[in-house]
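Contents: one structure, followed by commentary.
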2 protein chains.
Amino acid sequence: MDSLEKRKYEELARISKAMAHATRLYIIHKLDEQEYCVKELTELIGVDISTISKHLSILKNAGIIIDEKRGNCVYYKLQCRCVLSMFSCLINVIDSNKDKMNVL
Amino acid sequence: MDSLEKRKYEELARISKAMAHATRLYIIHKLDEQEYCVKELTELIGVDISTISKHLSILKNAGIIIDEKRGNCVYYKLQCRCVLSMFSCLINVIDSNKDKMNVL
DNA sequence: ACCCTATTTGGCGATTTGACCAAATAGGCA
DNA sequence: TGCCTATTTGGTCAAATCGCCAAATAGGGT
């Protein structure tokens, strides 16, 4: 793997890592339905608000979500719905394993 | 997030984490082209063979790749090409960010 | 200006991850 | 059987991740 290729895969991994957490996947899923502010997400998820804030900043930093301040709150939404294809990919993997199991 | 939903997202995250590493993404990419044994992948990538073996076991454990012993070697291949849609997802995210930048 | 709510930031301890080395294991083949 | 190559496993260490708490910051509204 030459250094150019290495950089490419590290960049892909950077985005991929940002999604690789149950809470962050859940946030992405909820933000697909509608936008939410930090406090609302905190109530939906039930962990400390500082934890949610950090998850959001990881997603934002990876360019997966964007924020917008309105009134007293910071609202988050998906930067691009394309991330949702991630879910079908993950579900496909899980399903293709179930299939494998059944065959045996 | 009720406990059923929590389990669901943890399961998705389990697969997602397995892919969230530059070397493992690279392995997936190479295994899409053809199957390889551990030693060959080690030479392609250039880290310790035990490191590659562990990466492979993570991918195998997540049901992303499968192995097959033939002769002296263990060959690995994709369990299902569906994981490749992950790459387009990641690239889409990166591109949608570039677009955003250009607009500004 | 002051209070109050929302959010972010810094720091801490616990856990996980990733890379290497060395040693164990597996199996083919002379 | 004994050797040799390929692979896996266990141990160690450094670095990254995660969740909480406490404190800092931001900004609206009275």
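Can you pull out the residues in the stretch B:55-65 that are open to solvent by less than 60 Å² (accessible area, probe 1.4 Å) and aliphatic (A, V, I, L, M)? Those that are open to solvent by less than 60 Å² (accessible area, probe 1.4 Å) and aliphatic (A, V, I, L, M): B:LEU56, B:LEU59, B:ALA62, B:ILE64, B:ILE65. A:VAL74 meets each of the listed conditions (1) away from chain B (no Cβ under 13 Å); (2) farther than 24 Å from B:LEU4 by Cα; (3) assigned to a helix (DSSP H, G or I) apart from (3). Of the numbered criteria (1) within 30 Å of B:THR23 (Cβ to Cβ); (2) without any contact (Cβ under 8 Å) to a residue 60 or more places away in the chain; (3) more than 15 Å from DNA strand C (Cβ to nearest atom); (4) not acidic (Asp, Glu), the one A:SER3 fails is (3).
Here is a check on your reading of the model: is B:ILE15 at the interface with chain A (Cβ under 7 Å from one of its Cβ atoms), open to solvent by less than 60 Å² (accessible area, probe 1.4 Å) and touching a residue at least 40 places away in the same chain (Cβ under 8 Å)?
Yes: the conditions hold for B:ILE15.
Filtering the stretch B:1-12 to residues that are surrounded by 15 or more Cβ atoms within 10 Å (Cβ to Cβ) and among the hydrophobic types (A, V, I, L, M, F, W, C) leaves B:MET1, B:LEU12.
The one condition from (1) within 17 Å of the chain's Cα centre (by Cα); (2) closer than 21 Å to B:LYS17 by Cβ; (3) buried (at least 18 other Cβ atoms within 10 Å of the Cβ) that A:VAL93 does not meet is (1). Remark: pairs (first residue in the stretch B:32-59, within 20 Å of B:GLY71 (Cβ to Cβ) and free of Cβ contacts under 8 Å to residues at least 60 places away in the same chain; second residue of a type in the set (A, V, I, L, M, F, W, C) and open to solvent by 60 Å² or more (accessible area, probe 1.4 Å); Cβ separation under 8 Å; 6+ apart in sequence or on different chains) = B:VAL38/B:ILE49; B:LYS39/B:ILE49; B:THR42/B:ILE49. Being away from DNA strand D (no atom under 12 Å from the Cβ), out of contact with any Leu (no Cβ under 9 Å at 6 or more places or on another chain), more than 9 Å from chain A (Cβ to nearest Cβ) and of a type outside the set (D, E, K, R) is true of B:VAL103. Within the stretch A:71-88, the set of residues being polar (S, T, N, Q) and either in contact with a Phe, Trp or Tyr (Cβ under 9 Å, 6 or more places away or on another chain) or crowded, with 19+ Cβ neighbours inside 10 Å (or both) comprises just one member, A:GLN79. All conditions in (1) open to solvent by 30 Å² or more (accessible area, probe 1.4 Å); (2) more than 16 Å from DNA strand D (Cβ to nearest atom) hold for A:GLU68, with the sole exception of (2).
Residues in the stretch A:30-54 that are in a helix (DSSP H, G or I) and surrounded by 16 or more Cβ atoms within 10 Å (Cβ to Cβ): A:LYS30, A:LEU31, A:VAL38, A:GLU40, A:LEU41, A:THR42, A:ILE45, A:ILE52.
Output yes when any residue across the stretch A:82-89 is without any contact (Cβ under 8 Å) to a residue 40 or more places away in the chain, among the hydrophobic types (A, V, I, L, M, F, W, C) and within 15 Å of DNA strand C (Cβ to nearest atom), and no when none is.
no
Residues in the stretch A:18-29 that are without any contact (Cβ under 8 Å) to a residue 24 or more places away in the chain and part of a helix (DSSP H, G or I): 2 in all.
More than 8 Å from chain A (Cβ to nearest Cβ), at pLDDT 95 or above and under 15 Å from the mean Cα position of the chain (by Cα), is that true of B:LEU25? Judged against the criteria, B:LEU25 is not a match.
The values are calculated or read from the model by the stated rules, or taken from the named source; none is laboratory data. Keep in mind the model is a prediction, meaning the values are calculated, not measured. Every residue, glycine among them, receives a Cβ derived from its backbone with ideal geometry; neighbour counts consider all protein chains shown. Surface accessibility is based on the protein's heavy atoms, side chains included, excluding ligands, DNA and RNA. Shrake-Rupley method; radii C 1.70, N 1.55, O 1.52, S 1.80 Å.
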